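J.: My questions all concern the structure below.
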Amino acid sequence: MRYRLYILILVLSASFHLKAQEEPPIEAPLQQQNIDTDEKLKTKLGVKFTMGGHTFKGDAFDNSIPVFGFGAGMYNIIDLTKNRRLKLQWELNLTFKGSKFGKPKDTAGISKSAYATYYSKMSLSYAELPVYLSIQLSKSKTPLHLLVGGQVGFLFKSSVIQGLGQYGEVLHNGLPFKKYDFSAGIGLRQDLGSGICVQFTTKYGLTNIYSNKFDPSVTPYYQDVFPRFKDGNHQAHNLSFEFAFLF
């Protein structure tokens, strides 16, 4: 009987000691931890791949035809309000744009040498920095956003390609376009989930990138380009329609 009493006292003492110890905090499941972390994020950084149509607007070039071009870069989206309906979106892109040009309808009186050197395509390579105000338009889990803003672009490479068919040869590099181009932009960004978005933007160049150096009387070696370049009193503005995937 005495031994049973001792055993009962030991069991009660051990039970009281275990209850007195502070229990460790219960950690949330890993999935819940990820959700909490995502909710606290205030910025998103990713990569961007672009496909687009580009051409010139203005009277500097005749018979302009849109050219298909690619681009790539990075983007950053930053929340401006707690409800995340207003954001700042900036990007850093490399974009390849320009324009194609149609053949003259009437080649009568044009020498074979001149006809053989008419230009078929201008290729322009830009480093661009777009900045948009992003406004959320819906409250769904994959909302639609309106983008309004502009960009500055720096022209680092340009060429004019001659040819009678689909392929041609570079006739001149380093065309005398103005190096900086300021553009207005508007578009839409649609969230698809899992951090993926699609984006459509239209950009119009506010800068007249044409210069008087295209005039063959100023730069004589442009005399071999057909049709002839015009003088600097004319206008040329970049116009782009871009479709992009954001990851």
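J.: Would you please name the residue that is surrounded by the most Cβ atoms within 10 Å (Cβ to Cβ), looking only at residues in segment 55-94 that are over 17 Å from PHE247 (Cα atoms) and of a type in the set (Asp, Glu)?
T.: Taking the candidates together, the pick is ASP79.
J.: Anything in segment 162-199 that is over 23 Å from THR50 (Cα atoms) and either of a type in the set (A, V, I, L, M, F, W, C) or in a strand (DSSP E or B) (or both)? List them, or say none.
T.: GLN162, LEU164, GLU169, VAL170, LEU171, HIS172, ASN173, LEU175, PHE177
J.: Please verify whether VAL148 is modelled with pLDDT of 95 or more and hydrophobic (A, V, I, L, M, F, W, C), treating the condition exactly as stated.
T.: Details: modelled with pLDDT of 95 or more: yes; hydrophobic (A, V, I, L, M, F, W, C): yes.
It is true that VAL148 is modelled with pLDDT of 95 or more and hydrophobic (A, V, I, L, M, F, W, C).
J.: I'd like to know if segment 135-156 contains one or more residues that are surrounded by fewer than 17 Cβ atoms within 10 Å (Cβ to Cβ), under 21 Å from PHE56 (Cβ atoms) and not aromatic (Phe, Trp, Tyr). Spell out the reasoning first.
T.: First, pick out the residues of segment 135-156 that are surrounded by fewer than 17 Cβ atoms within 10 Å (Cβ to Cβ): 135, 137-144, 146, 148, 150, 152, 154, 156.
From what's left, under 21 Å from PHE56 (Cβ atoms): 150, 152, 154, 156.
Among the residues that remain, those that are also not aromatic (Phe, Trp, Tyr) are: 150, 152.
Taking every residue of segment 135-156 in turn, at least one turns out to be surrounded by fewer than 17 Cβ atoms within 10 Å (Cβ to Cβ), under 21 Å from PHE56 (Cβ atoms) and not aromatic (Phe, Trp, Tyr).
J.: Can PHE154 be described as part of a strand (DSSP E or B) and either without any contact (Cβ under 8 Å) to a residue 60 or more places away in the chain or aliphatic (A, V, I, L, M) (or both)? Give the derivation first.
T.: Working: part of a strand (DSSP E or B): yes; either without any contact (Cβ under 8 Å) to a residue 60 or more places away in the chain or aliphatic (A, V, I, L, M) (or both): yes.
For PHE154, the condition - part of a strand (DSSP E or B) and either without any contact (Cβ under 8 Å) to a residue 60 or more places away in the chain or aliphatic (A, V, I, L, M) (or both) - is met.
J.: Somewhere in segment 105-114, is a residue surrounded by 15 or more Cβ atoms within 10 Å (Cβ to Cβ) and at pLDDT 50 or above?
T.: First, the residues of segment 105-114 that are surrounded by 15 or more Cβ atoms within 10 Å (Cβ to Cβ): 114.
Among the residues that remain, those that are also at pLDDT 50 or above are: 114.
Checked segment 105-114: at least one residue is surrounded by 15 or more Cβ atoms within 10 Å (Cβ to Cβ) and at pLDDT 50 or above.
The values are calculated or read from the model by the stated rules, or taken from the named source; none is laboratory data. Because the structure is a prediction, the values reported are computed rather than measured. Neighbour counts run over all protein chains shown; Cβ positions are idealised from the backbone, glycine included.
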